[in-house]
Amino acid sequence: MEQAIFERTEGALAFADGRATNEVAMATDVPTLLARYGVMHPLVVSRSGLARSGVDAEMARRSMPYVQFADFTPNPTAEQVLAGLAVYEGEGCDGILSIGGGSAIDLAKAIKALGGCAPSAALEARLKAPQPMDAVHVALPTTAGTGSESTHFATIYLDGKKYSVADAALLPEAAILDASQLASLPQAERAATFLDALCHAIESYWSRRSSAASRAYSETAIGLLMANSTAYLQGDAAAAGAVMAAANLAGRAINLTTTTAAHAMCYQLTLRYGLSHGHAAAVCLPAAWRYLLAHAADDGELAARLADLSHVVCGEEAAAEDGCRAFEALLAQAALDESWLPTDAGELDVLAASVNVQRLQNFPAELTTADLRELYRQTLRMA
């Protein structure tokens, strides 16, 4: 499915590539867009984002009834998905609008994913083998980081275990990029989501599934993120549009490749220490990058890919190691909280054993449990 991507300014929609060749592309606001997809009574998956975006007022002006579902947390659970699905079905909704960060958008995808499953099936089985219902999903992100508005998978937790719920039908039919939604982000969330977008672009670039198309998305995303990093982290409004676009491009890159070792490692940091997803991914990335640099001496293709990546990050004169150093400098500039860092070395074995091996298949160098322990040791700065 080809996704429609819109830019939104002061409530007005414009088709992102400037074309307006059909009724969907010519929609001028969110309720009109939903109506042109045939959605007249949406489930709005959102907490504070609904009012902050002004979409609630637009719905009122257009006399479009909706039902809001806000009973979910960061890192949404399967039980919350079922609760949202029950509201969708019980209220007779005919489509989904998600407004928020990755948690809201992922939850909306998962509601759609489980909507066609037999209710009698085990919940774990439904997460592993989703049967998406026939429902349009429009996503309006309020952060610039996850790129979830342009991917076909969602992260959902069941009994503390992470599941990636994936199906081609879960790619939202439309994504709406509104940079003004970034103005009110707390500084820590601004920095963490920015770094998450950069992690997506970088991991996609070196992924075993990397292709010319995915690398084109990554290269453009990295260029925009690096050029606007300082201004955006300082709250500059003009940089927000570029970063919002970059995060979406990075999302489109991982939609083709998925992520690699840094993301595979980061989930337990979120569960065990309460880090936000972007924060966790960002602290894991440097150790994974240095591991690849160390193994590139015996892999000419990997060496060339890492050299190209460093050029994308730092410029054509950069050495292969410079890209990683530049990322570490941005991580330091972000000044994320470090009070969470554990001191018990026993955590290393627990963390290394927790990584889903399937998530490592895209990483372009083999990782053993002992290797993962060492990467966690570096990440947690333990002696």
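The values are calculated or read from the model by the stated rules, or taken from the named source; none is laboratory data. Keep in mind that what you see is a predicted model, and the values were worked out from it rather than measured. All Cβ positions, even for glycine, are placed from backbone atoms using ideal geometry, and neighbour counts span all protein chains on display. SASA here: full protein model, heavy atoms, side chains in, ligands and nucleic acids out. Shrake-Rupley method; radii C 1.70, N 1.55, O 1.52, S 1.80 Å.
What to note about this one:
- With contacts taken as Cα pairs under 8 Å and at least 6 residues apart, the chain reaches a relative contact order of 13 percent.
- Taking a ≥ b ≥ c as the square roots of the eigenvalues of the Cα gyration tensor, the stretch 174-217 is classed as oblate, since a/c reaches at least 1.5 and a/b does not exceed b/c.
- Amide H within-cut-off set for residue 147, under 5 Å, with H built and near neighbours excluded: none
- Computed over the stretch 299-383, the P(r) curve from all C-alpha pair distances, binned at 5 Å from the origin, holds 3, 12, 15, 16, 20, 20, 10, 4, 0 percent per bin.
- Of the GluC sites (Glu not before Pro) in the stretch 321-370, those whose Cβ has at most 10 other Cβ within 10 Å and which sit in DSSP loop: 338, 366
- Summary value for the stretch 225-361: 24 percent relative contact order, contacts being C-alpha pairs under 8 angstrom separated by 6+ residues.
- Label-point separation in nm, residue 91 to residue 349, each point 7 Å along Cα→Cβ: 4.9 nm
- Each of 108, 86, 51 was scored by the projection of its Cα onto the charge dipole of the stretch 49-113, and the greatest displacement toward the positive side belongs to 51; charges sit on the C-beta of Lys, Arg, Asp and Glu.
- Rolling a 1.4 Å probe over the protein heavy atoms gives the chain an accessible area of 40 Å² per residue.
- Unit charges on C-beta of K, R, D, E only; dipole of the stretch 222-328, Debye: 520 debye
- Among residues other than residue 290 with Cβ under 13 Å from its Cβ, the summed charge is -3 (Lys and Arg +1, Asp and Glu -1).
- Contour minus Cα-Cα distance for residue 368 and residue 304 (0.36 nm per residue): 20.7 nm
- Taking a Cβ cut-off of under 14 Å around residue 196, the surrounding Lys, Arg, Asp and Glu residues balance to a net charge of -3, with basic ones at +1 and acidic ones at -1.
- Pairs of Cα atoms nearer than 8 Å and 6+ residues apart set the relative contact order; for the stretch 1-125 it is 23 percent.
- Taking the charge dipole of the stretch 248-383 about its Cα centre, with +1 at Lys and Arg Cβ atoms and -1 at Asp and Glu Cβ atoms, the residue from 362, 314, 293 reaching farthest to the positive side is 362.
- Furthest towards positive pole of dipole, 248, 227, 153, structure part the chain, Cβ charges: 153
- Distance cut-off 40 Å, percentage of C-alpha pairs in the chain lying past it: 12 percent
- Amide H contacts under 5 Å for residue 6, placed H, 5+ residues apart: 16, 175, 176, 177
- Loop-located trypsin sites (Lys or Arg not before Pro) in the stretch 206-244, at most 15 other Cβ atoms within 10 Å (DSSP): 208, 209
- Rounded tilt (10° steps) of 78-90 against the dominant C-alpha axis of the chain: 10 degrees
- Heavy-atom accessible surface of the chain: percent carbon and sulfur, 1.4 Å: 50 percent
- When 344, 322, 236 are compared by accessible area at a 1.4 angstrom probe, the order from most to least is 344, 236, 322.
- Cα centre as origin, Lys/Arg/Asp/Glu Cβ charges: the chain dipole, Debye: 380 debye
- Table column - 3J(HN,Hα) (Hz), the stretch 195-211, Karplus curve with 6.51, -1.76, 1.60, x for Gly and Pro: 5, 4, 4, 5, 4, 4, 5, 5, 5, 4, 4, 8, 4, 4, 8, 4, 9
- Over every Cα atom in the stretch 194-289, the radius of gyration and the widest Cα-Cα span, Dmax, amount to 13.1, 37 Å.
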